[in-house]
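Chemist: Structure in C-alpha cells, see below.
The values are calculated or read from the model by the stated rules, or taken from the named source; none is laboratory data. If you're wondering where the values come from, they're calculated on a predicted model, not measured in any experiment. We place every Cβ from the backbone using ideal geometry, glycine too, and count neighbours over all the protein chains shown.
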Amino acid sequence: MSNSGKVLGIIGGGQLGMMLTEAAKKFPDKISEVIVLDPTKGCPASKVGAKQIIADFKDEKAIIELATKSDILTYEIESGDSDVLKSIESKTMINPSPDTLKKIQDKLVQKTFLSENQLPVADFVEINSLDDLKQKIKKFGFPSLLKTRKDAYDGRGNFKINSHEDLILAYKQFNDQSMMLEKFIDFRMEVSVIAARNTQGEIATYPLVENIHEDNILRITIAPARVNKEIAKKAEQVAQKTMEVLKGAGVFGIEMFVTKNDQILINEIAPRVHNSGHHTLQSSKTSQFEQHIRAILGLSLGSTELLHPTIMYNILGPKNFKGEYKPVNIVPEKGVFLKMYGKKESNPKRKLGHLNVVDLDNSGNIDFLLNKLENIKKSIVIDPV
Ligand SMILES: Nc1ncnc2c1ncn2[C@@H]1O[C@H](COP(=O)(O)OP(=O)(O)O)[C@@H](O)[C@H]1O
Ligand SMILES: [Mg+2]
C-alpha cells in the first residue's frame with residue numbers, strides 16, 4: 001500500500017472487517033492503511049493486514065483513538081454508540097453517519113421511521129410494562145413476537161408468544177431491556193437486498209436473494225431468490241426507496257419477508273455489509289465489500305450485476321464443542337470457493353467461514369447447486385486439534 005492514501009478505521013475486526021480490509025487493498029492510491037477496533041487479539045481483520053486497537057466496541061476512549069488515527073471511519077457492527085460517534089464527527093468522516101445509525105440501531109425507532117416513510121413493515125407497538133403487554137397483545141393476537149429494541153442478533157432478542165401462558169415468561173426474559181411487540185408474519189420466504197449509497201447520493205441495489213435460517217442463524221443464501229420477476233422488482237423498489245430516505249453512505253443489508261400473498265415487508269436493516277451479500281465475492285461484478293469502500297470514499301458505485309447464480313453456505317461451529325480446531329480444507333473443485341475467517345477457536349454456532357458454490361456455466365439450475373452443496377458439506381468438518 002502507498003503512503004499517499006487515507007487511513008480507514010473500522011469498528012469491528014471480525015469476518016466483515018476482514019473482507020473490507022481485503023477490498024481496501026484494491027484501492028492502494030486511496031487507502032494506505034486499515035485500523036480496526038476489536039476486543040479479540042488476532043481478530044480476522046488483523047490476519048489480513050489491518051492494524052488493531054484491542055478494546056471493547058463500546059470503549060469510548062478507544063473509539064476516540066481510532067477516530068483520531070483515521071481519515072474515514074466505518075463499522076461492521078451496528079451496536080456502536082451513535083452518541084459517541086456523533087461527538088467525534090468533527091475529528092473524522094464517519095459513514096454511514098451517526099444520524100443514520102441512530103435511526104437503525106433501535107428497532108422501534110427504525111420501524112417507526114420506515115412506516116412514517118410509507119415503507120412496508122409488520123404491525124408493531126412499543127411495550128413499557130407487563131400490563132402494557134397484556135393490553136396490547138389483544139390487538140395483535142397469538143402468535144406475536146416480543147422483541148428487544150437494541151443489540152439483538154441471531155434471534156436472541158426475540159420471544160414468540162403463543163398463548164396467554166407465555167406472557168409473563170416472555171416479559172421476564174427481557175425484563176431489564178426496552179421492548180416492542182410485533183405481529184407474527186407467517187411468511188413464505190425470507191429475502192434480502194444488499195444496497196449501496198455513496199456520499200454523493202448515488203444508489204445501487206443488488207438483485208434479490210433468498211435466505212434460509214436455521215435456529216435463527218443464516219445458513220444458506222440463494223442468489224437470485226426463487227421468486228417471480230414482479231416480487232423481485234417490488235423488493236428492489238422497496239430497497240431503493242429505503243436508501244433514499246435513510247440517506248447514509250455505505251452498503252446496507254435490508255432483510256425482508258415475502259408474505260403468502262406476495263407482499264414485501266421489511267424485517268430489519270443492517271447499516272453495514274451483510275452476511276447475505278457474501279455470495280457477491282464470486283457471483284457479482286462488484287463485491288459488497290468493494291462497493292462499501294467505493295460508497296464511503298465517494299467513488300462511483302460498481303456494477304451490481306449478478307454474473308452467476310450462486311449459493312452461499314455458512315460454516316458454523318458445531319453444537320457440542322468449544323476450542324481450537326484443525327484447518328478446514330476441501331478438494332479443489334470448479335466453481336467452489338471456500339473462505340475461512342482465521343478464527344482460532346470454534347464456539348457453538350460461531351461463524352467460522354463460508355462456502356460459495358457458483359454456477360459458472362450459468363445453467364440456472366439452483367437444485368443442481370443445492371445438490372452439489374450437499375455433497376461438499378459432508379467433507380467440511382470442524383475437528384478439535
Ligand atoms: N414479525 C415476524 N414474524 C415472523 N418471524 C419473524 C418476525 N420478525 C423476525 N422473525 C424471524 O426471526 C428472525 C430474527 O429476527 P430479527 O428481527 O431479524 O432479529 P435479529 O436481530 O436477531 O436478526 C428473522 O430472520 C425471522 O426468521
Ligand atoms: Mg435479522
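Chemist: Where the second residue is at pLDDT 95 or above and of a type in the set (D, E, K, R) and the first is outside any helix (DSSP H, G or I) and away from ligand 1 (no atom under 13 Å from the Cβ) and lies in the range 263-290, which pairs have Cβ atoms under 6 Å and are six or more apart or on separate chains?
Modeler: Filtered contacts from the range 263-290: 264/234; 285/305.
Chemist: Could you please find all residues in the range 1-38 being over 24 Å from the mean Cα position of the chain (by Cα) and either aliphatic (A, V, I, L, M) or farther than 19 Å from residue 294 by Cβ (or both)?
Modeler: 1, 3
Chemist: Then there is this: Kindly list the number of the only condition in (1) modelled with pLDDT of 95 or more; (2) part of a loop (DSSP other than H, G, I, E, B) that fails for residue 254.
Modeler: Of everything listed in (1) modelled with pLDDT of 95 or more; (2) part of a loop (DSSP other than H, G, I, E, B), residue 254 misses just condition (2).
To keep it simple, each residue is scored yes or no on (1) modelled with pLDDT under 95; (2) under 18 Å from residue 15 (Cβ atoms); (3) buried (at least 17 other Cβ atoms within 10 Å of the Cβ).
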site	(1), (2), (3)
300	no, no, no
316	no, yes, yes
323	no, no, no
331	yes, no, no
340	no, yes, no
345	no, yes, no
375	no, no, no
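Chemist: Which is at negative phi, out of contact with any Phe, Trp or Tyr (no Cβ under 7 Å at 6 or more places or on another chain) and either surrounded by fewer than 21 Cβ atoms within 10 Å (Cβ to Cβ) or modelled with pLDDT under 95 (or both), of 248, 201?
Modeler: 248
Chemist: Another question, then. Let me spell it out: the conditions are (1) farther than 27 Å from residue 346 by Cα; (2) of a type in the set (S, T, N, Q); (3) assigned to a loop (DSSP other than H, G, I, E, B); (4) in contact (Cβ under 8 Å) with a residue 24 or more places away in the chain, and residue 40 meets all of them except one. Which number is the exception?
Modeler: Looking at each condition in turn, residue 40 falls short on (1).
Chemist: Quick one: which of 102, 61 is in a helix (DSSP H, G or I), free of Cβ contacts under 8 Å to residues at least 40 places away in the same chain, surrounded by fewer than 22 Cβ atoms within 10 Å (Cβ to Cβ) and under 22 Å from the mean Cα position of the chain (by Cα)?
Modeler: Only one candidate passes the filter, namely 102.
Chemist: For the range 272-287, which residues satisfy the criterion of being within 13 Å of ligand 2 (Cβ to nearest atom) and not charged (D, E, K, R)?
Modeler: Of everything in the range 272-287, those that are within 13 Å of ligand 2 (Cβ to nearest atom) and not charged (D, E, K, R) turn out to be 274, 275, 276.
Chemist: Kindly check whether there is at least one residue in the range 73-84 that is at pLDDT below 95, surrounded by 17 or more Cβ atoms within 10 Å (Cβ to Cβ) and part of a helix (DSSP H, G or I).
Modeler: yes
Chemist: Examine the range 328-348 for a residue that is under 18 Å from residue 212 (Cα atoms), in a strand (DSSP E or B) and either in contact with a strand residue (DSSP E or B) (Cβ under 7 Å, 6 or more places away or on another chain) or of a type in the set (D, E, K, R) (or both), and state whether such a residue exists.
Modeler: No, that holds for no residue.
Chemist: Please go through the range 132-187 and give me each residue that is modelled with pLDDT of 95 or more, within 16 Å of ligand 2 (Cβ to nearest atom) and among the hydroxyl-bearing types (Ser, Thr, Tyr), ordered by number.
Modeler: The one that is modelled with pLDDT of 95 or more, within 16 Å of ligand 2 (Cβ to nearest atom) and among the hydroxyl-bearing types (Ser, Thr, Tyr): 148.
Chemist: For the range 112-146, what are the residues that are assigned to a helix (DSSP H, G or I) and without any contact (Cβ under 8 Å) to a residue 40 or more places away in the chain?
Modeler: 112, 115, 116, 131, 132, 134, 135, 138, 139
Chemist: Can you tell me which residue among 141, 80 is within 29 Å of residue 278 (Cα to Cα) and small (Gly, Ala, Ser)?
Modeler: 80
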